[in-house]
Amino acid sequence: MKRKLQIGVMGTMADLGYGKDLEESAEKIGEFIAQAGAILIFGAEKDSDSLSTAACRGAKKFNGLTVGITYGKGKDIYQKDADIIIPTGLERGGGREFILSLACDAMIVINGGSGTLNEIAVAYQANIPVVALNGSGGWADKLADQYLDDRKRVKVVSAETPESAVKMAIELASNVL
């Protein structure tokens, strides 16, 4: 039996002021991941909402399996209905992003600040496919359809809709397994 795909959703925290439209797109991505039978991997925040936690909410609407990877030692996180919480003992903005990224078979990026950039770079180094939601702003738009360097390991591919982002991520992850 083949294991379930682990699709990560990375994106901006609420402190960067994203709009309701991006939050709805993130929730839709979570819904499509759950409907596809994949596991949602997300950055579990302790103190605020994020596009990553919005994806968790979407997945939970369809009884999807969600795994939140958080910083520090405790399991108390913002998104209370996550199925599995993995505390890394590491700081936010540091080592947590390595574990979060390496847990993914593919990653979907929505908008994104410095933490998301770190996650994209880790995925790139590990040859993990990255799909950027086009038009969402942040690092997703800046890096869409590009390689991070001349090694040309994995091109960050762009998707126009939440549904196409999930389809691409699943297809790319399936090709890697």
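Readers should treat all values here as calculations from the given coordinates under stated rules, not as data from a laboratory. Remember, predicted model here, so these are calculated numbers, not experimental data. Note that each Cβ is placed from the backbone with ideal geometry, even for glycine, and that neighbours are counted across all protein chains shown.
Per-residue Cβ neighbour counts within 10 Å put Lys46, Lys73 in the sequence Lys73, Lys46, beginning with the fewest. Taking every DSSP beta bridge that has both ends in the chain, the antiparallel portion is near 10%. Computed over the chain, the P(r) tail beyond 28 angstrom holds 11 percent of alpha carbon pairs.
Listed by chain and number, the aspartates and glutamates whose alpha-carbon sits under 14 Å from that of Lys46, ignoring those within fewer than 8 places in the same chain, are Asp15, Asp76, Asp81, Glu91. The separation of the range 92-149 from the range 40-78, counted between C-alpha centres, amounts to 17 Å.
Taking 0.36 nm per residue of separation and subtracting the current Cα-Cα distance, fully stretching the chain between Ser174 and Phe62 would add 38.1 nm. Considering the range 43-120, its Cα convex hull presents a mean projected area of 4.7 nm². Spin-label model, Asp149/Ala126: points 7 Å from Cα along the beta carbon direction are separated by 1.8 nm.
Just to be sure I understand: with springs between alpha-carbon atoms less than 10 Å apart, which residue in Asn134, Asn63, Asn111 has the highest mean-square fluctuation in the Gaussian network model of the chain? It is Asn63.
May I ask you to sort Glu24, Glu45 by Cβ crowding, counting other Cβ atoms within 10 Å and putting the fewest first?
Ascending number of Cβ neighbours within 10 Å: Glu24, Glu45.
Using a Gaussian network model of the chain in which every pair of alpha carbons under 10 angstrom is joined by a spring, one finds that among Leu102, Leu90, Leu65 the greatest mean-square fluctuation is at Leu90. Comparing Ile39, Ile29, Ile110 in a Gaussian network model of the chain where C-alpha atoms under 10 Å apart are linked, the largest mean-square fluctuation is found at Ile39. Taking each of Lys2/Lys61; Lys20/Lys167; Lys142/Lys167; Lys2/Lys75; Lys28/Lys61 in turn, the alpha-carbon distance tops 19 angstrom for Lys2/Lys61; Lys20/Lys167; Lys142/Lys167; Lys2/Lys75.
The ranking of Cys104, Cys56 by Cβ neighbour count inside 10 Å, starting from the fewest, reads Cys104, Cys56.
Would you mind giving the three semi-axes, in whole Å and largest first, of the ellipsoid equivalent to the range 1-82 according to its Cα gyration tensor? Please report the intermediate quantities before stating the final value.
On the way: eigenvalues 79, 50, 18 Å².
After scaling each eigenvalue by five and taking roots: 20, 16, 9 Å.
Which value, in debye to the nearest 20, gives the size of the charge dipole of the chain about its Cα centre, when Lys and Arg are +1 and Asp and Glu are -1 at the Cβ? Write down the numbers at each step before the final one.
Working: 20 positive and 23 negative charges, 121 e Å.
About 580 debye.
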